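Accompanying notes for the structure given below.
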Amino acid sequence: MNSFLRNERGGAARWIILIIIVGACVYGYQHFKKTPRYALIQVKKAVVFSNADTAQEFMDIDKVASRLPESMTNNQPVEVVKKQLLYELDSPHEKSPFIKSIKGWSVFKVPIAISADELYATAETADNTSVSLEKTTKGQWIITAIEIK
């Protein structure tokens with residue numbers, strides 16, 4: 001086998017093996033991007049790097065804002081809560097305890113339960129924090145609720 005890789009045909013074999021490995025990696029990454037874990041990773045990354053655009057891509061801000069408990073929203077209208085969330089997500093310094101809790105998510109170890117129809121998922125991301133996700137028609141998962149118990 002080793003002599004095969006060193007002769008002229010071996011050069012072709014190396015390229016074929018390399019193409020197979022690269023193809024498998026690309027396929028695996030494309031598959032991983034369509035998992036709930038990937039959405040959790042992207043939202044955590046958006047909070048850490050203060051990127052509201054990425055957060056909006058993987059989080060339904062309207063649903064999350066409307067499902068927050070009154071103790072966190074101070075009985076403010078959903079639009080005000082939504083604007084506050086977007087401001088805090090974009091701000092590198094001013095973050096509420098709610099947004100700061102997202103930084104503590106252990107997104108690689110968190111257990112994720114996916115429904116039988118594979119349209120809904122829940123994750124227990126940290127102590128007393130549960131995240132609900134839904135699958136879009138494009139196959140991407142988005143966060144629809146974050147519940148701090």
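The values are calculated or read from the model by the stated rules, or taken from the named source; none is laboratory data. None of the values given here were measured: they were computed from a predicted structure. Every residue, glycine as well, gets a Cβ built from its backbone with ideal geometry; the counts of neighbours run over all protein chains shown.
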Counting only residues that are of a type in the set (D, E, K, R) and under 15 Å from the mean Cα position of the chain (by Cα), how many does the range 40-95 have?
5
Quick test of your reading of the structure: Tyr38 fulfils all but one of (1) modelled with pLDDT of 85 or more; (2) closer than 26 Å to Leu119 by Cα; (3) not in a helix (DSSP H, G or I). Name the failing condition by number.
(3)
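Residues of the range 78-103 being part of a helix (DSSP H, G or I) and among the polar types (S, T, N, Q), which ones?
Looking only at the range 78-103, we keep the residues that are part of a helix (DSSP H, G or I), and these are 78-90, 97-103.
Once the filter is applied, which keeps residues that are part of a helix (DSSP H, G or I) and among the polar types (S, T, N, Q), the range 78-103 yields Gln84, Ser101.
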The range 84-101, residues that are more than 19 Å from Ser66 (Cβ to Cβ), out of contact with any helix residue (DSSP H, G or I) (no Cβ under 8 Å at 6 or more places or on another chain) and surrounded by 12 or more Cβ atoms within 10 Å (Cβ to Cβ)
Ser91
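When the range 104-132 is examined, which residues are found to be in a loop (DSSP other than H, G, I, E, B) and not acidic (Asp, Glu)? Quick ask: steps written out before the conclusion?
Of the range 104-132, the ones in a loop (DSSP other than H, G, I, E, B) are 104-111, 115-119, 127-128.
Residues satisfying the conditions are Gly104, Trp105, Ser106, Val107, Phe108, Lys109, Val110, Pro111, Ser115, Ala116, Leu119, Asn128.
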Within the range 133-146, can you find the residues that are assigned to a loop (DSSP other than H, G, I, E, B) and among the small types (Gly, Ala, Ser)?
Gly139
